[in-house]
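The structure appears right after this line, and notes come after that.
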Amino acid sequence: MFDLDRWQEIWYTIKHNKSRSVMTAFGVFWGMFMLVCMVGAGSALKNGMESTIDGFATNSCFVYDQQTTEPYKGFKKGRNWSIQNEDIPLLQQGVPEIQYLAPVLFGGQGANNVVRKDKSGTFNIKGNYPSYNKIEENKLIYGRYINDIDIAEKRKTCVIGERVSEVLFGKNVNPVGQNVKVMGIYFQVIGVARSISQVNLGGRGEESVVLPFTTMQQAFNMGNKVHFIAATAIPGVRVKVIEEKINQILKKQHNIAPTDKAAIGGFNIEEQFTMFLYLGIGIAVLIWIVGAGTLFAGGIGVSNIMLVTVRERTKEIGIRRALGATPRTIIRQIISESIVLTLIAGIAGLMLGVGLLSLVGMVLSQSDSFFQEPQISFAVAIVSLVILLVIGILAGLVPANRAMTIKPIEAIREE
Amino acid sequence: MITLRDVNKTYYTEATSLHVLKGIDLHIEQGDYVSIMGASGSGKSTLLNILGILDNYDTGDYYLNNKLIKDLSETQAAAYRNEMIGFVFQSFNLINFKNAMENVALPLYYKNISRKKRNAIALEYLDRMGLKDWAYHLPNEMSGGQKQRVAIARAIISQPKILLADEPTGALDSQTTEEVMQLLGELNQTGITTIIVTHEKAVADETRKVIHIKDGLIQNIQHN
């Protein structure tokens, strides 16, 4: 079916009517370019969102104590209470849907709370269980994370953030085994961590010092207080479920009115994440609607200009018909021209769009931006090309039909 | 070669109808050299269009090379035109973005002859017209006489049985008219049936038969 000569004839006609062809093609070119840019930007936004949340358990919730707002069982409202160590085993037993449960301590505000020899800095101090690393994952550059023995023996060990290590020990130095003074007490460095996620609880992971939960509680006189509970749900269970059960148990344990909505604070990452997800889907759908619309408009443009062109070419078509061109040849020529034009313009738009995206991607990778790796997938490119092909055929159909109706005699009639 | 029997043609508009050809009977032998004369509106162009299968007729019969030309599909009509008929027009009707050679070669394109081959043949025909040096020029770079010679080359490249010329000299001065008519005469000598529509007596006088048409009827046929 491939007829080189036919394509030469089509190419020749396109080439020798440059301004007409360029004008015809521009709409499609622009449509494709815009589509690629928008899809790329959309994926950059999505990548950015994903990398932000990456390494952070999306099936997690966080619970903390606040003042009560309702009187209950003889207690007046406005009472301060706190989550306590004793609550943890109760929660673990009472809520079987919990996958990981990690009590968290924050502490040690104040300037230069971490010191090593003549170097010091102000950092976030956190007391964690090993299980917390399952919720907010860290990459260990040196050493290890806090383990169960640290917790059980209340060892004076710490995992320091990458930035902390840089400030206290200098760059590219392995500080494992050395001691640092945290709020006046020496701790041995057992690891250097870099948080994977950009969502960090209690300050940036790079600028944090993590102590074993039990050590921190005892060393800094915190009694049996827990500042925060982080929990994840087992697969298949909605976080909302464990969040409610945790609240129920805590309320019962601490004599809080079951109807008191503000006594226990908390947030549900799953809900936030789902919102993010829907936002992403919404953006993607919008992009495709707008992009396809632009492409469609481009196709209409092609069709329109081809129509004008057919009118303009009435005489040429008439001559061709008089010389023996069958209506089918003419239709084939018009549609082929339309397809070639849309495809060339579309591919040009695609390539320019992809080029621009990779350029932007290069610039973005230098900076710490919420947009990351703007690009379109191969599948998207193929799908858009197929859409283009269809548009090309449809765009050629109307003018081709018009050309069909031109009788040679009418076309070449003398003025 | 050409036989018309009681051919009628009426043009209809919304309100009126115009009976242009009122029963034409005509016989033209192979190799004849014929001109058709008549005032404007006499129906001579319509007759030529019917002869050229560019237009259809209402009643009667038209035999071309013993084939009945009636109710043809567009595809069939196109094939017959390509095979049997060469056209020459008053305003040349060259495709302005194609050069002389490509214009001449166009009928062969529709015969599925390869580009290389048809361009070679086109050059040959242009050479016969004395236009070899103009092969790569666009129509608007050529004079009227040159353009008409390109058009004639295009008309005969598919070696048609008949050559139909609609006012071929209408846009030319007397000098070039002379040249073009000489060319057409020479072509007729090679055996192509040639039919020229004209209103110039000088042109008609060069043909062997002059068919006078008036009000859609053949008035008389004058033999020169």
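Brief remarks follow.
- Of all residues in the stretch B:161-183, those that are at positive phi have Cβ atoms under 7 Å from Cβ atoms of residues that are among the hydrophobic types (A, V, I, L, M, F, W, C), 6 or more apart or on another chain, in B:E167/B:V197.
- Helices (runs of 4 or more DSSP H) contained in the stretch B:29-139 and holding at least 2 residues modelled with pLDDT of 90 or more, open to solvent by less than 70 Å² (accessible area, probe 1.4 Å) and away from chain A (no Cβ under 14 Å): B:115-128
- Close pairs (6 angstrom Cβ cut-off, 6 or more residues apart or separate chains): surrounded by 13 or more Cβ atoms within 10 Å (Cβ to Cβ) in the stretch B:200-223, hydroxyl-bearing (S, T, Y) and not in a loop (DSSP other than H, G, I, E, B) anywhere: B:A204/B:S35; B:T207/B:Y33; B:T207/B:S35; B:R208/B:Y33; B:V210/B:S35
- Filter pass, A:V237 being in contact with a Ser or Thr (Cβ under 6 Å, 6 or more places away or on another chain) and either assigned to a loop (DSSP other than H, G, I, E, B) or at pLDDT 90 or above (or both): no
- One residue alone among B:L21, B:L4 is surrounded by 21 or more Cβ atoms within 10 Å (Cβ to Cβ), in a strand (DSSP E or B) and more than 18 Å from the chain's Cα centre (by Cα), and that residue is B:L21.
- Complete set of residues in the stretch A:306-327 that are closer than 16 Å to B:T75 by Cβ, over 55 Å from the mean Cα position of the chain (by Cα) and open to solvent by less than 10 Å² (accessible area, probe 1.4 Å): A:R320, A:R321, A:A322, A:G324, A:A325
Yes/no per residue for (1) touching an Asp or Glu at 6+ places or on another chain (Cβ under 9 Å); (2) in contact (Cβ under 8 Å) with a residue 40 or more places away in the chain; (3) surrounded by fewer than 15 Cβ atoms within 10 Å (Cβ to Cβ):
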| residue | (1), (2), (3) |
| --- | --- |
| A:P212 | yes, yes, no |
| A:M216 | no, yes, no |
| A:K245 | yes, yes, no |
| A:T259 | yes, yes, yes |
| A:G282 | no, no, yes |
| A:T294 | no, yes, no |
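- Test: residue in the stretch A:8-19 that is open to solvent by 40 Å² or more (accessible area, probe 1.4 Å) and away from chain B (no Cβ under 14 Å): no
- Near pairs, Cβ below 8 angstrom, 6+ apart or cross-chain, from the stretch B:136-150 (free of Cβ contacts under 8 Å to residues at least 12 places away in the same chain) to any residue that is in a loop (DSSP other than H, G, I, E, B) and surrounded by fewer than 16 Cβ atoms within 10 Å (Cβ to Cβ): none
- Residue check for A:Q218: modelled with pLDDT of 90 or more, out of contact with any Phe, Trp or Tyr (no Cβ under 6 Å at 6 or more places or on another chain) and either closer than 12 Å to A:C158 by Cα or not assigned by TED's automatic domain parsing to the domain that holds A:E50 (or both): yes
- A:A25 being buried (at least 17 other Cβ atoms within 10 Å of the Cβ), out of contact with any strand residue (DSSP E or B) (no Cβ under 7 Å at 6 or more places or on another chain) and of a type in the set (A, V, I, L, M, F, W, C): yes
- Number of positions in the stretch B:80-111 that are of a type in the set (G, A, S) and farther than 20 Å from A:I10 by Cα: 2
- When residues in the stretch A:312-326 are screened for being part of a helix (DSSP H, G or I) and not β-branched (V, I, T), 7 of them pass.
- In the stretch A:328-359, residue surrounded by the most Cβ atoms within 10 Å (Cβ to Cβ) [restricted to those that are within 37 Å of the chain's Cα centre (by Cα) and of a type in the set (S, T, N, Q)]: A:T342
- Exactly one residue among A:T309, A:T329 is under 25 Å from B:Y110 (Cα atoms), within 14 Å of chain B (Cβ to nearest Cβ), at pLDDT below 80 and part of a helix (DSSP H, G or I), and that residue is A:T309.
- So A:I185, is it in the same structural domain as A:A263 (by TED's automatic domain parsing), modelled with pLDDT of 90 or more and surrounded by fewer than 16 Cβ atoms within 10 Å (Cβ to Cβ): yes
- Which numbered condition A:V302 misses (of (1) aliphatic (A, V, I, L, M); (2) crowded, with 16+ Cβ neighbours inside 10 Å; (3) over 30 Å from B:I95 (Cα atoms)): (3)
The values are calculated or read from the model by the stated rules, or taken from the named source; none is laboratory data. Only a predicted model underlies this, so the values are computations on that prediction, with no experimental measurement involved. With ideal geometry, Cβ positions are generated from the backbone for all residues, glycine too; neighbour counts draw on all protein chains shown. Accessible surface areas use protein heavy atoms only, side chains included; no ligands, DNA or RNA. Shrake-Rupley method; radii C 1.70, N 1.55, O 1.52, S 1.80 Å.
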